[in-house]
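Scroll down for the structure; my scribbles are underneath it.
The values are calculated or read from the model by the stated rules, or taken from the named source; none is laboratory data. These numbers were taken from a predicted model, which means no experiment stands behind them. For neighbour counting, all protein chains shown are included, and Cβ atoms are generated from backbone atoms with ideal geometry for every residue, glycine included. Note: accessible area is taken over every heavy atom of the protein model, side chains too, but ligands, DNA and RNA are not part of it. Shrake-Rupley method; radii C 1.70, N 1.55, O 1.52, S 1.80 Å.
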Amino acid sequence: MGSITDEKRNLIIVSNRLPLSVKQVDGTYQSSLSSGGLVTSLSGLTKSTKFQWFGWPGIEVKDPNDREDVKRSLEAHNAIPIFLDRSLAHEHYNGFSNRILWPVLHYQSGVVFDETPWQAYRRVNELFADAIAKSADSGSLIWVHDYHLMLLPELLRDRLKQQGKSCAIGFSLHTPFPAGDFWRNLPVRKHLIEGMLSSDLIGFHTDEYKQNFIDTCASLLNARTEIPNQIQYKNRLVCINKFIVGIDPEKFTDSLQKPDVQERIRSLKERYKGVKVIVGVDRLDHIKGLTQKLKGFDAFLDDHPELQNKVVLIQVAVPSREDVKEYQDLETELCTIAGKINGKHATPEGTPLLYMHRSVPFNELTALYSVADVCLLTSTRDGMNLVAFEYVACQEERHGVLVLSEFAGAASFMTNGSIPFHPANKTEMSEAIFNALNLDPAERKAKYEYLRGFVNANTSAKWGETFIEKLSLRCRRPGESC
Ligand SMILES: O=P(O)(O)OC[C@H]1O[C@H](O[C@H]2O[C@H](CO)[C@@H](O)[C@H](O)[C@H]2O)[C@H](O)[C@@H](O)[C@@H]1O
Ligand SMILES: O=c1ccn([C@@H]2O[C@H](COP(=O)(O)OP(=O)(O)O)[C@@H](O)[C@H]2O)c(=O)[nH]1
């Protein structure tokens, strides 16, 4: 991908949150890595490509001197903060993005639209547009990420035009884009789609999401969509494609080589001698199907009393969006279910479920992935799900089995190498777990090798480089077909 060298200097990445969240500790500003797949995928790109990253630092900073301190602390990581007032950030992130837009994108019903958070969403997109238009030079490539910023391409294009600057704008959606009627649930659906359509290139994780978006543009805006991979709207040509997001597999294999990680793996193996380990790692979010997972595991334990004390599910539920009531309620519900499962199936020898409501350090995560015989992912909908990739990257030795919901975006590519199931069907999940635990070594090896090939061929670096390459082509030849 050598030809992107020139554009590297002028690449601007924009996401709602910076990869580093800033916190004030004892009067000084400290930054730590944010969690989630978007950060994982874009962090993988840093190895091969240089860029400036614009986003919200996750903290309100009012004092101008403090703002300078925060800016300086982030500068070292090429991160540029866009400061937002606390209540505006709250209404944008929690109010509209996560309470209204996120559920619609993930096919959740019963969403209630509210004007105040919508106005906050607009305002934040405007503030981002102001800051980025000011910093961008003509010829910059601007790559906008995710559902928090769907209006940004349009707002940005207007401002750049007023300032006489010409830049290529790309947009990547990290969530699903829902089919047909679902998008209509949102009264502001048209504004959001038009916002995205001001991009030169739009990327989705799967062909299904891409096609859903194209169909919506045709039915809602009467856009011309006859030519594959392009949308003609208001005299502009927008290219649409699938770009497979991945991880940096080396980061995981390198971690497994470290002496302290090796030591941790040894001690976990000793602790779980004679016990099959199932691992789950998910943000605590409705879309991850955690309720379904615990209930399915309960059904599995009921179906297989002979496996008492011989199987353990280690579930990491990473705290997420804790200011949103629906997420707080889910946390309470999961604690109750986890307690009931252990109440029902525990013996003096141990408990079958280890439910951890916290994030885990990276090295601990890789050790956990490595000792697990099975990885169980139960998403009811999920843009991609990079945990599936990470588990595979840590299974060189064991050839563990991936049990993967058919509703994760990753299932579009990984079904052949995994055991797929429908997350709403407890019996199917129980059978899938049982089959995974009993797969013969040759089949495990074959499935693992298939998945390893896919994960190694579709890295985050390749994803980023391919997108940027296509975007810079749009910049050089804007009128050409996609
Ligand atoms: O930033 P948060 O609100 O804490 O949420 C974390 C991220 O969640 C979502 O991740 C998505 O992107 C992943 C990478 O493409 C994909 O694998 C996953 O299926 C998606 O859920 C969200 O889209 C990100 O913006 C958040 O940062
Ligand atoms: O304590 C943890 C456990 C996991 N992860 C990472 O969070 C990401 C989750 O990405 P995924 O695409 O599976 O889902 P998302 O959370 O983005 O919806 C993965 O890279 C995990 O390694 C994390 O940041 N902290």
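Considering only segment 457-469, I want to know if a residue exists there that is in contact (Cβ under 8 Å) with a residue 40 or more places away in the chain and of a type in the set (A, V, I, L, M). Yes, segment 457-469 contains at least one residue that is in contact (Cβ under 8 Å) with a residue 40 or more places away in the chain and of a type in the set (A, V, I, L, M). Would you mention how many residues in segment 417-433 are assigned to a loop (DSSP other than H, G, I, E, B) and among the aliphatic types (A, V, I, L, M)? The qualifying residues number 1.
On the stretch given as segment 382-402, residues that are away from ligand 1 (no atom under 16 Å from the Cβ) and over 18 Å from residue 300 (Cβ atoms) total 6. For segment 353-381, filtered to residues that are farther than 29 Å from residue 257 by Cα and open to solvent by less than 10 Å² (accessible area, probe 1.4 Å), the residue that is farthest from ligand 1 (Cβ to nearest atom) is 378.
With respect to residue 151, is the statement that it is among the hydrophobic types (A, V, I, L, M, F, W, C), away from ligand 2 (no atom under 16 Å from the Cβ) and either under 25 Å from residue 45 (Cα atoms) or modelled with pLDDT of 95 or more (or both) true? It is true that residue 151 is among the hydrophobic types (A, V, I, L, M, F, W, C), away from ligand 2 (no atom under 16 Å from the Cβ) and either under 25 Å from residue 45 (Cα atoms) or modelled with pLDDT of 95 or more (or both). Checking each residue in segment 186-225 for being out of contact with any helix residue (DSSP H, G or I) (no Cβ under 9 Å at 6 or more places or on another chain) and away from ligand 1 (no atom under 16 Å from the Cβ) picks out 211, 214, 218, 222. Quick check on residue 248: is it open to solvent by 20 Å² or more (accessible area, probe 1.4 Å), over 27 Å from residue 155 (Cα atoms), within 16 Å of ligand 1 (Cβ to nearest atom) and of a type outside the set (Gly, Ala, Ser)? In short, yes.
Within segment 377-389, if we keep just the residues that are farther than 14 Å from residue 418 by Cα and outside any loop (DSSP other than H, G, I, E, B), the residue that is nearest to ligand 2 (Cβ to nearest atom) turns out to be 386. What do you reckon, is residue 271 modelled with pLDDT under 95, farther than 28 Å from residue 44 by Cα and not aromatic (Phe, Trp, Tyr)? Against the criterion (modelled with pLDDT under 95, farther than 28 Å from residue 44 by Cα and not aromatic (Phe, Trp, Tyr)), residue 271 does not qualify. The single residue among 135, 172 that is within 16 Å of ligand 2 (Cβ to nearest atom) and polar (S, T, N, Q) turns out to be 172. Please go through segment 127-167 and pick out each residue that is in contact with a Lys or Arg (Cβ under 7 Å, 6 or more places away or on another chain) and among the aliphatic types (A, V, I, L, M). Residues satisfying the conditions are 129, 133, 136, 151. The single residue among 113, 128 that is outside any strand (DSSP E or B) and either without any contact (Cβ under 8 Å) to a residue 24 or more places away in the chain or open to solvent by less than 10 Å² (accessible area, probe 1.4 Å) (or both) turns out to be 128.
Only residues that are in a strand (DSSP E or B), open to solvent by 40 Å² or more (accessible area, probe 1.4 Å) and away from ligand 2 (no atom under 11 Å from the Cβ) were counted in segment 30-68, giving 3.
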